[in-house]
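Reviewing the structure listed below.
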Protein chains: 2
Amino acid sequence: MTVETGGVDQRRLFELLWGTPTGPRRGPRPTLTLAAIARAGITIADADGLDGLTMQRVAESLDVTKMALYRYVPGRAELVALMLEAAVGEPPAPPAGADWRGRLDDWTRQLFDRFRRHPWAHAATVGPRLPGPNELAWLERVVAALAGTGLTGPEQLDVAVLLVGHARNLAQHAAPDDAPGGSREAAFDALVRGREERFPALHAALRGIDPNTPDQALDFGLARILDGVEALITARAAAVPRHPGGVDERSPGGRGE
Amino acid sequence: MTVETGGVDQRRLFELLWGTPTGPRRGPRPTLTLAAIARAGITIADADGLDGLTMQRVAESLDVTKMALYRYVPGRAELVALMLEAAVGEPPAPPAGADWRGRLDDWTRQLFDRFRRHPWAHAATVGPRLPGPNELAWLERVVAALAGTGLTGPEQLDVAVLLVGHARNLAQHAAPDDAPGGSREAAFDALVRGREERFPALHAALRGIDPNTPDQALDFGLARILDGVEALITARAAAVPRHPGGVDERSPGGRGE
DNA sequence: GTACTCTGTATCCGAGGGACACAGTTTTGA
DNA sequence: TCAAAACTGTGTCCCTCGGATACAGAGTAC
């Protein structure tokens, strides 16, 4: 029982995620596949969330005993990791002829879509964890799109972190099949109503909400982020017209006023 | 056993979060307080995460039986909600004399700090949930800071969502007491090493990482976001030049660009 | 054919959330 | 003053779930 990082067997998980599917030699041939198990788990978690995902249910849906799963997967935590890797899947091809901004825009929306289709994915990605090949491939796409923009390596990764966070965060806000108009704003409105003097600005902001217009938080945030990145890129290009990667003009919007 | 939203009793939770502390009439006076229970839970969760948080341990740390807690809290889920509300606490006062950007910058860093101090808070905030007074008060601060900038109500809320997401996301990346240099990048590097042809851009980006420089993802993302918001605000102001005392003339020298 | 190895199963255990009934305590009403 | 009512903390019980272990059957290598 390795309590390491929430009970995840790092070695075995690494083999499962990154190892080659080595065919066994002797003994009866397995009736299951890692992919099939992950698929079954995804189906269950999509329907009832991570709480509804029990080894028993996964086993039942595959017509095996619960303990049979442990021949393939060390435990529940590793199963979730495999499900996550399968659920994100391979990154989509970048749109043809798009510049870095077009690529990042499309990339974020595609990732958002993945997260929205699998609401449990958010909970499955909290805390440090071992990324799988698909996850790294998604990351590779962002960094590749930003290559040649003048951003440093760390900055490219920071942009990726920013976009992943936004996609993941917004997918959580937008329930997969929620009533249009956003139940979240409705809940806020109900709470603020009767407490206007306590939350005056919030009250005013909520008055400007049209229940018919769909939630545009994804578009809005994405546009702001990409505007900010674009501003940095153009500033870099103007400041250092030659040899990218020199002494960076760090202008942290940090601390001091 | 209300399976509603993960087993949360919405009515009772609303009373716990928003209700007035009505003193009971008859019977022995309670030995515990909601605040004390929440504090005990926070202490445990800070140390061992949400998985380490059991009713048993909370009860032990308060010298009561497990079932005694159920006199105060309907169940574990509601306890976590109370812990969250106590952990975020009241929002800090906005820095004196700061414009909207300064306020939002400070706000985001303070929120980041709260999340970083309580790593379980991220997991506790997945999915739709009932916000408490403190949570709404934090939100109120953002919207108040943006009042008069020309942004619409929904846009102000979208900015808040964006900033909350960034603070929360980055707090997860930055482990509370991790080794400097970022184990995350180190893990990436170890994975990419030997697979350079598969992740060429990632490989190149990782080469530009200096293990000594601290992680600047929070600063970077925050600066990008606020740059993007600022661009929108100035564009709005330029398009609608009237509105006498609305948009303040913020230009304290060379910020950003 | 025999030994070895791998798969799926049956059984068992402990941890954890929570229901329920009961005893003790404090206030209210007569 | 005293009994009834209401509320608190406790002990006990149950169920679910993750996982360990031992075992029986299946398939392969020698």
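For the stretch A:89-193, which helices (runs of 4 or more DSSP H) that fit wholly inside it have 3 or more residues that are closer than 24 Å to B:Leu13 by Cβ and not polar (S, T, N, Q)? Before the answer, list the steps.
Working: elements: A:100-117, A:120-124, A:133-146, A:153-173, A:183-192.
The qualifying helices (runs of 4 or more DSSP H) are A:120-124, A:183-192.
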Legend entry - Verdict on B:Arg57 being within 15 Å of DNA strand D (Cβ to nearest atom), modelled with pLDDT under 95 and more than 23 Å from B:Leu163 (Cβ to Cβ): no
Legend entry - Count of residues meeting criterion [surrounded by 13 or more Cβ atoms within 10 Å (Cβ to Cβ) and either in a helix (DSSP H, G or I) or near DNA strand C (Cβ under 9 Å from one of its atoms) (or both)] in the stretch A:37-61: 17
Legend entry - Matching option when the condition is assigned by TED's automatic domain parsing to the domain that holds B:Thr234, open to solvent by less than 30 Å² (accessible area, probe 1.4 Å), within 28 Å of A:Arg198 (Cβ to Cβ) and in contact (Cβ under 8 Å) with a residue 12 or more places away in the chain, among B:Leu139, B:Leu130, B:Leu79, B:Leu84: B:Leu139
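Limited to the stretch A:9-36, what total is found for residues that are open to solvent by 70 Å² or more (accessible area, probe 1.4 Å) and either over 22 Å from B:Arg198 (Cα atoms) or away from DNA strand C (no atom under 11 Å from the Cβ) (or both)?
Start the filter on the stretch A:9-36 by keeping residues that are open to solvent by 70 Å² or more (accessible area, probe 1.4 Å), which leaves A:11-12, A:14-15, A:20-22, A:24-26, A:28-31, A:33.
Right, trim to either over 22 Å from B:Arg198 (Cα atoms) or away from DNA strand C (no atom under 11 Å from the Cβ) (or both) and you get A:11-12, A:14-15, A:20-21, A:24-26, A:28-31, A:33.
Result for the stretch A:9-36: 14.
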Inset, instruction - Can you confirm whether the stretch B:147-157 contains a residue that is surrounded by fewer than 17 Cβ atoms within 10 Å (Cβ to Cβ) and closer than 20 Å to A:Ala174 by Cβ? - result: yes
Inset, instruction - Test each condition in (1) open to solvent by 30 Å² or more (accessible area, probe 1.4 Å); (2) within 16 Å of DNA strand C (Cβ to nearest atom) for B:Ala93 and report the one that comes out false. - result: (2)
Legend entry - Residue selected from the stretch B:202-218 under the condition assigned to a helix (DSSP H, G or I) and open to solvent by 20 Å² or more (accessible area, probe 1.4 Å), by the criterion nearest to A:Thr20 (Cα to Cα): B:His203
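The values are calculated or read from the model by the stated rules, or taken from the named source; none is laboratory data. Bear in mind that the values here come from a model prediction, so they are computed numbers and not experimental data. Cβ atoms come from the backbone with ideal geometry, glycine included; neighbour counts cover every protein chain shown. The protein model used for the area step is the full one, side chains on, heavy atoms only, and it has no ligands, DNA or RNA in it. Shrake-Rupley method; radii C 1.70, N 1.55, O 1.52, S 1.80 Å.
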